[in-house]
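Chemist: Next up is a structure, given as structure tokens.
The values are calculated or read from the model by the stated rules, or taken from the named source; none is laboratory data. Everything numeric here is computed off the predicted structure, so don't read it as measured data. Quick reminder, even Gly has a Cβ in these numbers, built from the backbone with ideal geometry, and neighbours come from all protein chains shown.
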Amino acid sequence: MTDLHAMRHTAAHVLATAVERLYPGAKFGVGPVVENGFYYDILFPEPISDEALSVIEKEMKKIISEKHEMVREEISLDSAVEFFKNRGQDFKVELLKDLKEKGTTKIQTDEAQDIDADRPDIAILYHTGTFTDLCRGPHIENVKDVGAFKLWKIAGAYWRGNEKNPQMQRVYGLAFETQKELDEYLNMLEEAKKRDHRKLGTELELFTIIDEVGPGLPLFYPKGAILRRLVENFIIEQQEKRGYVPIWIPHITKGRLYEISGHLQKYDAMYPPMDLPDEAQYYLKPMNCPHFMMLYKSTTHSYRDMPLRWTCTTTNYRYEKSGELTGLTRVRSLTQDDCHVFARPDQIEQEINLMLDMVDETYRAFGFKDFWVRVSTSDPNNREKYIGDPKIWEESEAALSRLVEGRGWKKEIGVGEAAFYGPKLDFMVKDVIGRPWQLSTIQLDMNLPERFELEYADSDGKVKRPVVIHRAILGSTERFLGILIEHYGGAFPMWLAPVQIRLATVSEDFVSFAQKLKDELTDAGLRVELDSSDLKVGKKIRNSAMMKIPWTIVIGEKETQAEPFVVNVFGQEENLTIDQAKLIQAAQDLSK
RNA sequence: GCCGAUGUAGCUCAGCUGGCAGAGCAACGCUUUCGUAAAGCGUGGGUCAUCGGUUCGAAUCCGAUCAUCGGCUCCA
């Protein structure tokens with residue numbers, strides 16, 4: 001790992017060296033190692049475009065052939081500042097000032113150079129030929145040992161990840177020990193693209209996004225809508241057996257509601273209000289919490305009724321910035337399997353555990369094994385940032401961590417990543433090109449009960465404030481489906497396949513028989529299609545396979561003769577020959 | 001919203017330095033009625049994303065807008 005890491009890190013310096021030669025005046029930000037390669041953030045005198053990559057690549061190869069040593073140098077902070085100032089490297093100067101004042105250059109996930117406690121005045125530099133960088137290393141000794149690399153894309157990136165800072169250009173490079181590994185990686189990316197849910201969405205007739213309807217507003221074809229319903233029904237079943245009860249809320253609402261909740265002032269993805277003759281301004285709801293709160297508040301509650309487990313699967317509308325939309329994973333109309341539990345503080349752990357059961361059972365059912373849980377906690381050094389009883393915070397954070405550990409799931413702690421109103425658990429899954437997405441979320445809320453002045457009568461006769469736990473298992477149905485499509489590469493297991501069985505007739509003579517069989521299978525609760533066109537059987541099977549339909553059954557002379565008739569199921573690992581009753585039974589078993 | 005790229009038929013894509021808009025698949029019609037991953041022939045289908053400009057002439061060059069893709073920021 002260290003060697004590969006050092007090699008990639010050195011490749012980033014070679015990139016910078018090439019850029020310095022080709023674009024005098026370029027200012028350098030940071031150039032860390034990332035998964036599969038490296039990048040360097042650079043402010044070019046003029047923004048470069050893709051064609052520049054091959055030119056830079058050529059220069060990099062030249063630099064590598066020049067066999068420069070990577071020379072390490074330690075100098076005083078002040079002379080380092082002086083050095084970079086003279087070269088017009090403002091970003092490096094800023095990093096050095098941070099190093100001096102804060103003891104680290106780290107902001108967000110940038111690679112950091114930290115002050116060495118024993119030698120607080122030292123900055124570490126690396127020289128590559130005429131190029132010098134502020135960098136703690138490690139590097140390989142000589143640039144000649146940089147392996148196979150490829151510059152592959154340019155992206156915008158704000159200096160130090162802050163929108164208000166100037167935007168630099170991030171040049172991404174892939175780097176591996178050998179050309180073979182690089183080729184394999186590129187090949188893998190090509191393969192991954194075939195599983196992309198946006199591609200499969202069109203190919204398998206699941207969903208589409210139409211310009212005239214609007215960006216981020218997907219429409220679902222029948223097959224996609226069935227898939228949606230299967231997934232949502234699964235969740236509904238899971239909820240029912242755990243005592244969650246449905247409620248229902250409207251999709252538009254007076255702005256007053258969001259004044260109370262505080263969203264109007266704080267939430268920036270709200271669609272503008274509708275222009276109505278009414279005095280009140282009406283908004284599309286971007287979230288459901290306030291409605292749940294209002295419904296709770298509209299009647300009185302006793303400690304005996306707690307917890308209340310209320311759910312509603314409903315669509316929210318969020319005006320996400322245009323550049324942030326992608327397929328189904330980031331949309332403007334998102335359906336949440338939303339649930340709010342109103343609980344006494346002593347019930348928090350039990351309720352969260354119940355939710356974790358549900359996450360567990362759901363992820364197993366859909367075959368998600370490769371996920372991790374982010375425990376977002378408060379920052380103990382910044383207590384005043386958070387509202388609510390510190391004791392409840394402490395207890396619930398401990399409970400969240402403990403409960404996740406008990407499950408044996410991969411866990412990451414996000415210190416200071418809690419919302420101001422409570423700690424949370426986020427369940428993360430990667431898409432087919434490796435981007436992480438949040439699906440399930442479990443959040444404690446100590447804010448909204450306060451703002452809406454929610455109450456219940458406790459056993460001691462006193463009026464108390466309940467705790468609210470938000471929870472969504474799918475997160476958003478759309479995003480979940482996007483991930484699910486990629487997870488299975490569109491080849492869904494029997495129980496999720498929009499079409500489970502396609503009947504393919506050999507010729508016209510068998511259509512009426514096939515129609516009868518189709519009706520029987522449909523009556524048995526299976527999702528069946530009949531291909532009675534005059535295409536050849538081979539073509540019908542091919543078409544069925546392309547649509548990734550689990551079972552294809554050819555209906556011809558043989559099938560109509562046998563008693564009970566025997567069919568051959570194409571699409572199994574080994575084709576399956578079974579009679580009618582067993583066929584129905586087998587299909588039903590697989591559908592569970 | 002920001003940086004870069006892209007936008008040609010339902011889908012996948014050709015179309016060179018400006019000179020009559022193309023292919024495969026799909027659709028439709030005819031022939032064929034056929035046994036396990038593509039039968040044959042034919043027909044229709046496009047304001048070349050939109051709007052504007054340059055030009056005798058624009059899919060092609062320029063500008064703006066919209067959308068998509070990869071990132072950044074933000075987020076379920």
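Chemist: Looking at A:R383, A:R364, which is the one that is part of a helix (DSSP H, G or I) and within 23 Å of A:L484 (Cα to Cα)?
Modeler: A:R364
Chemist: Cβ-Cβ under 6 Å, sequence separation 6+ or interchain: first residue in region A:463-480 and more than 20 Å from A:A419 (Cα to Cα), partner surrounded by fewer than 24 Cβ atoms within 10 Å (Cβ to Cβ) and acidic (D, E). Which pairs?
Modeler: A:V463/A:E455; A:K464/A:D458
Chemist: Next up: Go through the residues of region A:449-459 one by one and say whether even a single one is outside any loop (DSSP other than H, G, I, E, B), within 11 Å of RNA strand B (Cβ to nearest atom) and in contact (Cβ under 8 Å) with a residue 24 or more places away in the chain.
Modeler: Scanning region A:449-459, I find no residue that is outside any loop (DSSP other than H, G, I, E, B), within 11 Å of RNA strand B (Cβ to nearest atom) and in contact (Cβ under 8 Å) with a residue 24 or more places away in the chain, so the answer is no.
Chemist: Same structure, new question: I need the full set of residues from region A:68-108 which are modelled with pLDDT of 90 or more, among the aliphatic types (A, V, I, L, M), surrounded by 15 or more Cβ atoms within 10 Å (Cβ to Cβ) and farther than 15 Å from A:R160 by Cβ, in order please.
Modeler: Correct list: A:M70, A:A80, A:V81.
Chemist: Follow-up. Based on what the data block shows, is A:S440 within 14 Å of RNA strand B (Cβ to nearest atom), in the same structural domain as A:L295 (by TED's automatic domain parsing), modelled with pLDDT of 95 or more and out of contact with any helix residue (DSSP H, G or I) (no Cβ under 7 Å at 6 or more places or on another chain)?
Modeler: Considered against the rule, which asks whether it is within 14 Å of RNA strand B (Cβ to nearest atom), in the same structural domain as A:L295 (by TED's automatic domain parsing), modelled with pLDDT of 95 or more and out of contact with any helix residue (DSSP H, G or I) (no Cβ under 7 Å at 6 or more places or on another chain), A:S440 comes out as no.
Chemist: Take A:K285 and tell me if it is free of Cβ contacts under 8 Å to residues at least 40 places away in the same chain and buried (at least 16 other Cβ atoms within 10 Å of the Cβ).
Modeler: Here the answer is yes, as A:K285 does meet what is asked.
Chemist: Which condition number in (1) closer than 30 Å to A:D458 by Cβ; (2) not acidic (D, E); (3) not in a loop (DSSP other than H, G, I, E, B) is the one that A:T299 fails?
Modeler: Going through (1) closer than 30 Å to A:D458 by Cβ; (2) not acidic (D, E); (3) not in a loop (DSSP other than H, G, I, E, B) one by one, A:T299 breaks only (3).
Every residue, every condition in (1) hydroxyl-bearing (S, T, Y); (2) crowded, with 23+ Cβ neighbours inside 10 Å, yes or no:
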| position | (1), (2) |
| --- | --- |
| A:R451 | no, no |
| A:Y456 | yes, no |
| A:D460 | no, no |
| A:H470 | no, yes |
| A:M494 | no, no |
| A:L503 | no, yes |
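Chemist: Only residues that are in contact with a Phe, Trp or Tyr (Cβ under 9 Å, 6 or more places away or on another chain), part of a helix (DSSP H, G or I) and within 9 Å of RNA strand B (Cβ to nearest atom): list them for region A:161-197, please.
Modeler: Across region A:161-197, there are no qualifying residues.
Chemist: Collect the residues in region A:421-436 that are within 12 Å of RNA strand B (Cβ to nearest atom) and either in contact with a Ser or Thr (Cβ under 6 Å, 6 or more places away or on another chain) or assigned to a helix (DSSP H, G or I) (or both), keeping them in residue-number order.
Modeler: Across region A:421-436, the qualifying residues are A:K424, A:D426, A:F427.
Chemist: Of all residues in region A:397-420 being assigned to a helix (DSSP H, G or I) and not small (G, A, S), which is surrounded by the most Cβ atoms within 10 Å (Cβ to Cβ)?
Modeler: This residue is A:L400.
Chemist: Give just the number: which of (1) away from RNA strand B (no atom under 16 Å from the Cβ); (2) touching a Lys or Arg at 6+ places or on another chain (Cβ under 8 Å) does A:P246 not satisfy?
Modeler: The failed condition is (2).
Chemist: I've got another one for you. Which residues, counting only those in region A:443-482, are over 22 Å from A:N233 (Cβ atoms) and aliphatic (A, V, I, L, M)?
Modeler: Hits for region A:443-482 are A:L444, A:M446, A:L448, A:L454, A:A457, A:V463, A:V467, A:V468, A:I469.
Chemist: Suppose we keep only residues that are within 16 Å of RNA strand B (Cβ to nearest atom) and acidic (D, E) within region A:46-89. Which one would you say is nearest to the chain's Cα centre (by Cα)?
Modeler: Once the filter is applied, the top-ranked residue is A:D50.
Chemist: Answer yes or no as to whether A:L96 is assigned by TED's automatic domain parsing to the domain that holds A:G31, of a type in the set (A, V, I, L, M) and either part of a helix (DSSP H, G or I) or farther than 20 Å from A:E35 by Cα (or both).
Modeler: yes
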